[in-house]
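Novice: Got a structure for you, written out below as structure tokens; questions coming shortly.
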Amino acid sequence: MAKTTERVFGDIPGVHIGMVFGSRAELAQASVHRPTMAGISGSGSEGADSIVLSGGYEDDEDFGDEIVYTGHGGNDPETRRQIADQELTRGNLALAVSCREGLPVRVVRGADLGSPFAPASGYRYDGRYAVEDYWHQQGRSGFLVWRYRLRRDDDRPPAWAPAATPVPAGAARPARRPVTTQRIVRSTAAAVWVKQLHGHRCQVCGLRLDTPSGPYAEAAHIRPLGSPHHGPDTPDNLLCLCPNHHVLFDLGALTISDAFEVVGAGSHLRLVPGHEPSREHLRYHREHLGPAATAGWPAVEDEAAGEGPA
Ligand SMILES: [Zn+2]
């Protein structure tokens, strides 16, 4: 057993892509995938941090960069066939939470997977994947199964050699639906904190979206991260918004005044004690993401200065 109980999302230090472990016990010892039996490591409150693909479910599909993974429960451990419906609980709920929150999932393939991407022996760490979407459907045996599409979300080369991997004869690859625009919502401690403090209610409209896996909201950076904005990932640079108002805010259709008025919605920003958005970042947003013509906004510094407030 791993000594720590803290769940780690993403890479385990010292464990590189392609590293092979001889057994589930070794995998657990290295904290790559801590449960020694279950295929999904995670909880419904925290999300899933890792999965093992080892051929346990008849409905799993492995395309290398893309995996359609079947949730757990409802199968006969001897025959591996479904004998009951699966429920959106435990590991299944954990994967849904990882999708909702954009958490990285470590993927491990076992030699008994029966896939061209499986290792020759043992259990191989194959890097980080993102849970792109999930749904439920009738499995091959007629019972309800939860299915999760995981897509490789890792810049490093895969452990398998793509060109050297033959597609087995007769294993016709099912047509894949066209990839639609997908926003992977990154989650950070600050984002989680702000969303929880606001009870997942939008600070513009008060809406909270309830889903079977829990409430959904988005943490919107006021001053964007990354070049050229270099906004910080801190609570005072975040708003808790519904998806619609997040998009409107990001696209500058909504701005927030120094008095926390929502310009464009004719309302006042909903505030919760303990979280005060930075007026400096709000000003930056107004100046650089709001309507291009800043005339009419009071106290806007010279645009030509370019960088905004430090
Ligand atoms: Zn809203």
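The values are calculated or read from the model by the stated rules, or taken from the named source; none is laboratory data. Source: prediction; values computed, not measured. Glycine gets a Cβ as well: all are built from the backbone with ideal geometry, and neighbour counts include every protein chain shown.
Novice: Taking the conditions exactly as written (over 25 Å from Trp193 (Cβ atoms) and touching a residue at least 24 places away in the same chain (Cβ under 8 Å)), does Pro119 satisfy them or not?
Specialist: So Pro119 passes the test.
Novice: Can you work out which of the residues in segment 221-249 that are surrounded by fewer than 20 Cβ atoms within 10 Å (Cβ to Cβ) and within 16 Å of the ligand (Cβ to nearest atom) is farthest from Gly290 (Cα to Cα)?
Specialist: Per the criteria, the residue is Pro243.
Novice: Sticking with this one: What number of residues in segment 186-220 are free of Cβ contacts under 8 Å to residues at least 24 places away in the same chain, more than 16 Å from the ligand (Cβ to nearest atom) and either surrounded by 15 or more Cβ atoms within 10 Å (Cβ to Cβ) or not aliphatic (A, V, I, L, M) (or both)?
Specialist: Of the residues in segment 186-220, 1 are free of Cβ contacts under 8 Å to residues at least 24 places away in the same chain, more than 16 Å from the ligand (Cβ to nearest atom) and either surrounded by 15 or more Cβ atoms within 10 Å (Cβ to Cβ) or not aliphatic (A, V, I, L, M) (or both).
Novice: Need the failing condition index for Ala259 against (1) without any contact (Cβ under 8 Å) to a residue 12 or more places away in the chain; (2) within 15 Å of the ligand (Cβ to nearest atom), just the number.
Specialist: Of the numbered conditions (1) without any contact (Cβ under 8 Å) to a residue 12 or more places away in the chain; (2) within 15 Å of the ligand (Cβ to nearest atom), the odd one out for Ala259 is (2).
Novice: Still on this model: With the requirement that a residue be loosely packed, with under 15 Cβ neighbours inside 10 Å and among the β-branched types (Val, Ile, Thr), what does segment 16-40 give you?
Specialist: Once the filter is applied, which keeps residues that are loosely packed, with under 15 Cβ neighbours inside 10 Å and among the β-branched types (Val, Ile, Thr), segment 16-40 yields only Thr36.
Novice: For segment 240-254, name all the residues that are closer than 17 Å to Glu287 by Cβ and aliphatic (A, V, I, L, M).
Specialist: Correct list: Leu251, Ala253, Leu254.
Residue by residue, here is whether (1) within 15 Å of Gly18 (Cα to Cα); (2) under 26 Å from the mean Cα position of the chain (by Cα) holds:
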site	(1), (2)
Pro77	no, no
Leu88	no, yes
Ala94	no, yes
Pro104	no, yes
Val108	yes, yes
Ser121	yes, no
Tyr134	no, yes
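Novice: Okay, next question. Can you say whether Ser141 is modelled with pLDDT under 85, outside any strand (DSSP E or B) and hydroxyl-bearing (Ser, Thr, Tyr), as far as the supplied structure shows?
Specialist: yes
Novice: Check off (1) among the polar types (S, T, N, Q); (2) closer than 15 Å to Tyr148 by Cβ; (3) in a loop (DSSP other than H, G, I, E, B) for Thr79 and give me the number that stays unchecked.
Specialist: (2)
Novice: Counting only residues that are in contact with an Asp or Glu (Cβ under 8 Å, 6 or more places away or on another chain) and surrounded by fewer than 23 Cβ atoms within 10 Å (Cβ to Cβ), how many does segment 76-98 have?
Specialist: Of the residues in segment 76-98, 4 are in contact with an Asp or Glu (Cβ under 8 Å, 6 or more places away or on another chain) and surrounded by fewer than 23 Cβ atoms within 10 Å (Cβ to Cβ).
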